[in-house]
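Read the structure below first, then the notes.
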Amino acid sequence: MLLAAGDGTRLGQPKATVELGGLTLAERGARLLRAGGADPVLLVTGAAPAPVAGTIPVHNPDWAAGMGSSLAAGLRALAAEAAGDVTAVVIALADQPLIGPAAVGRLIAAHAAGAALAVAAYAGKQRNPVLIARAHWAAVADAATGDTGARPFLRAHPELVTPVECGDVGRPDDIDTPEDLTRVRALLRSPSWPLP
């Protein structure tokens with residue numbers, strides 16, 4: 001699931017529609033999830049349409065309430081649409097385009113090995129993406145408020161969380177401002193990318 005509903009107030013345009021390397025952030029995020037092994041891919045939008053071929057669109061009419069409402073909308077749509085063989089969801093954010101597909105793959109592998117909640121970590125610090133087993137979707141959706149997303153649920157259940165180190169395959173840099181976008185574009189052009 002790719003969360004791409006925000007209006008990008010500080011950036012000056014909805015993040016899902018920002019172009020980076022010839023792709024919108026919504027397109028990049030969907031490719032990231034697919035390349036990492038996630039299928040199907042749900043795309044949660046709100047402030048602006050951001051159609052991406054091959055994704056399941058979910059519109060969050062309450063997007064202005066924050067990321068938590070988009071996470072809840074996406075989880076509820078996934079629960080209604082997904083067949084019983086979908087045992088977990090990987091949740092990524094459109095404004096973190098430097099996350100590598102290997103991070104998604106590592107979370108999926110952690111789930112296959114028994115993790116109920118797997119969280120990508122970078123130098124030991126837990127960030128995104130996050131994998132949530134189906135048994136916890138309803139509780140995570142209920143706990144998701146404001147801009148906190150799954151964080152309240154994860155903090156309330158640390159015994160269920162499996163950190164998965166991903167600092168060697170990507171970076172969790174956010175694109176929140178024009179300066180962030182300039183910095184990320186420079187990183188992507190760097191000869192040392194993917195990890196400068």
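One line per residue, one yes/no per condition, for (1) under 24 Å from residue 55 (Cα atoms); (2) without any contact (Cβ under 8 Å) to a residue 40 or more places away in the chain; (3) among the small types (Gly, Ala, Ser):
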position: 89; (1), (2), (3): yes, no, no
position: 98; (1), (2), (3): yes, no, no
position: 113; (1), (2), (3): no, yes, yes
position: 120; (1), (2), (3): yes, no, yes
position: 130; (1), (2), (3): yes, no, no
position: 139; (1), (2), (3): no, yes, yes
position: 151; (1), (2), (3): no, yes, no
Of all residues in the range 9-51, count the ones that are in contact with a Ser or Thr (Cβ under 8 Å, 6 or more places away or on another chain) and over 20 Å from residue 130 (Cβ atoms).
7
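Within the group 107, 187, 160, 154, which residue is in contact with a Phe, Trp or Tyr (Cβ under 8 Å, 6 or more places away or on another chain) and either closer than 23 Å to residue 21 by Cβ or not small (Gly, Ala, Ser) (or both)?
Numbers: 107 fails: in contact with a Phe, Trp or Tyr (Cβ under 8 Å, 6 or more places away or on another chain); 160 fails: in contact with a Phe, Trp or Tyr (Cβ under 8 Å, 6 or more places away or on another chain); 154 fails: in contact with a Phe, Trp or Tyr (Cβ under 8 Å, 6 or more places away or on another chain).
On inspection, the qualifying residue turns out to be 187.
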Filtering the range 4-25 for residues that are under 16 Å from residue 101 (Cβ atoms) and touching a strand residue (DSSP E or B) at 6+ places or on another chain (Cβ under 8 Å) leaves a count of 1
Could you tell me which numbered condition residue 49 fails, if it satisfies all but one of (1) surrounded by fewer than 22 Cβ atoms within 10 Å (Cβ to Cβ); (2) within 12 Å of the chain's Cα centre (by Cα)?
(2)
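Given the residues 94, 103, which is the only one that is in contact with a Lys or Arg (Cβ under 9 Å, 6 or more places away or on another chain), under 29 Å from residue 13 (Cα atoms) and at pLDDT 95 or above?
Values: 103 fails: in contact with a Lys or Arg (Cβ under 9 Å, 6 or more places away or on another chain).
Being in contact with a Lys or Arg (Cβ under 9 Å, 6 or more places away or on another chain), under 29 Å from residue 13 (Cα atoms) and at pLDDT 95 or above holds for just one of 94, 103, which is 94.
For residues in the range 56-91 being of a type in the set (Gly, Ala, Ser), touching a helix residue (DSSP H, G or I) at 6+ places or on another chain (Cβ under 7 Å) and farther than 14 Å from residue 5 by Cα, which is modelled with the lowest pLDDT? Before you say what the answer is, go through the steps one by one.
If we filter the range 56-91 for residues that are of a type in the set (Gly, Ala, Ser), which is where we start, we get 64-66, 68-70, 72-74, 77, 79-80, 82-84, 88.
Now drop any that are not touching a helix residue (DSSP H, G or I) at 6+ places or on another chain (Cβ under 7 Å), which leaves 69-70, 72, 79, 88.
Adding the requirement that they be farther than 14 Å from residue 5 by Cα leaves 79, 88.
Details: 79: 89, 88: 96.
So, considering only residues that are of a type in the set (Gly, Ala, Ser), touching a helix residue (DSSP H, G or I) at 6+ places or on another chain (Cβ under 7 Å) and farther than 14 Å from residue 5 by Cα, the one modelled with the lowest pLDDT is 79.
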Matching residues in the range 13-28 - criterion: being surrounded by fewer than 20 Cβ atoms within 10 Å (Cβ to Cβ) and within 17 Å of residue 59 (Cβ to Cβ):
17
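Which of the following residues is more than 13 Å from residue 3 (Cα to Cα), hydrophobic (A, V, I, L, M, F, W, C) and out of contact with any strand residue (DSSP E or B) (no Cβ under 6 Å at 6 or more places or on another chain): 53, 47?
Numbers: 47 fails: more than 13 Å from residue 3 (Cα to Cα).
Every option except 53 fails the conditions.
The values are calculated or read from the model by the stated rules, or taken from the named source; none is laboratory data. Small disclaimer: the values here were computed from a predicted structure and weren't measured. Positions of Cβ are backbone-derived with ideal geometry, glycine not excepted, and every protein chain shown enters the neighbour counts.
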